[in-house]
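The values are calculated or read from the model by the stated rules, or taken from the named source; none is laboratory data. Everything numeric here is computed off the predicted structure, so don't read it as measured data. Virtual Cβ from ideal backbone geometry, glycine too; neighbours counted across all protein chains shown. Note: accessible area is taken over every heavy atom of the protein model, side chains too, but ligands, DNA and RNA are not part of it. Shrake-Rupley method; radii C 1.70, N 1.55, O 1.52, S 1.80 Å.
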Amino acid sequence: MAPILVLDPNLAVCPDFTTEAHATSRLALTNLNLTEEQAVDFLKTAWQNENNAAKIVWGQQLAERQEAEEEEARVARENAEAKAAAEREELEAVAVELKKKYKAKFLPIENDTPMPDHLPVNYPHAVMQKLQKGEYVEMWFFTERGIRDTSSSLGASQPQTFSMTSADEDGVIHMMPTAAAKVAKLVQRDEDLSWEDFTGSYLRFLAAMRQTGWPEDRVKMFGTFWSSIMVDERATSVDDTVVDKRTLIIYQAEQRRAWHDMVALGKSVPNLAIRNASAMDRAHRKAVNWRHKILLQESALQIQVCNNLSRPWR
């Protein structure tokens with residue numbers, strides 16, 4: 001292994017070998033039958049050869065040192081770049097999370113798009129979440145009454161309070177937001193909707209399905225299903241008993257719920273738009289029974305009023 005030089009041999013000056021300081025070296029050479037002048041030349045040549053060899057070693061040392069410094073600088077630069085990249089990635093990740101968390105804050109502004117003529121309808125977040133998952137949602141939420149009731153209850157900016165809904169066999173108490181519990185008491189079954197509520201809600205329902213990313217083939221299927229209800233001869237019949245329209249209401253309610261049940265079980269995805277005559281007959285019988293119950297209730301009420309009027313005053 002070559003010795004490590006600490007002094008630059010290029011700065012070294014050849015000694016004067018004619019001086020008294022080098023007399024011993026000259027004597028050793030003159031004893032070998034060299035003249036004084038030859039001894040001085042020999043010493044100079046030996047020194048120059050040694051100095052030239054040292055210059056080569058020095059050059060190698062400089063090259064190695066420069067290479068080491070460059071490598072050290074490269075590693076330091078790469079470390080700095082890696083650190084900066086990691087910091088950028090961390091900041092970008094934070095920015096992405098912020099955009100996800102506060103999506104509305106970061107939506108791009110459409111400079112050429114004015115505000116709409118009609119304000120958008122806002123449905124409860126829980127309802128839209130169920131729709132997004134493809135789950136069954138009552139049509140009541142898309143009626144005018146449903147929109148008014150949910151916007152006044154669920155849309156209020158007030159502290160969230162919770163109410164107990166039930167307790168299971170293990171004693172676990174189930175809670176739900178008080179506002180949601182109040183709305184749950186107002187929700188009507190699809191079978192109980194009025195004809196006006198039904199006709200005013202299904203178009204909003206289709207728009208909400210598109211808004212929550214339902215596949216277009218399913219949206220078209222539901223659109224065809226409800227449109228067939230609207231063009232059915234019962235929808236335009238002159239029927240004082242309202243049995244015809246109630247038949248259609250019950251039919252669409254039961255068929256839609258059954259479709260969701262079948263999909264949830266993963267058995268099949270039938271075409272809801274295909275008319276089912278048997279289901280329509282069942283719906284008609286239920287509508288007739290519904291009408292009979294109303295007549296019985298009205299008769300009982302009339303009898304009670306007559307009895308009250310016939311009682312003598314005391």
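Observations on the model:
- Against the conditions (1) of a type outside the set (Gly, Ala, Ser); (2) open to solvent by less than 40 Å² (accessible area, probe 1.4 Å); (3) under 22 Å from residue 127 (Cα atoms), residue 192 satisfies every one except (2).
- Residue 203 meets all of the listed conditions (1) open to solvent by 80 Å² or more (accessible area, probe 1.4 Å); (2) touching a Ser or Thr at 6+ places or on another chain (Cβ under 7 Å) but one, namely (2).
- Qualifying residue in the range 82-101 (condition: more than 25 Å from the chain's Cα centre (by Cα), open to solvent by 100 Å² or more (accessible area, probe 1.4 Å) and either farther than 30 Å from residue 192 by Cα or at pLDDT below 90 (or both)): yes
- Considering the conditions (1) closer than 30 Å to residue 132 by Cα; (2) among the charged types (D, E, K, R); (3) surrounded by 13 or more Cβ atoms within 10 Å (Cβ to Cβ), residue 282 is excluded by exactly one of them, (1).
- Within the range 1-33, the residues that satisfy the criterion of being open to solvent by less than 80 Å² (accessible area, probe 1.4 Å) and either at pLDDT below 90 or assigned to a helix (DSSP H, G or I) (or both) are 2, 5, 9, 22, 23, 25, 26, 28, 29, 30.
- Filter result for the condition that a residue is within 14 Å of residue 138 (Cα to Cα) and surrounded by fewer than 18 Cβ atoms within 10 Å (Cβ to Cβ), over 277, 258, 235: 258
- Apart from one condition, residue 39 fits all of (1) open to solvent by less than 90 Å² (accessible area, probe 1.4 Å); (2) outside any helix (DSSP H, G or I); the exception is (2).
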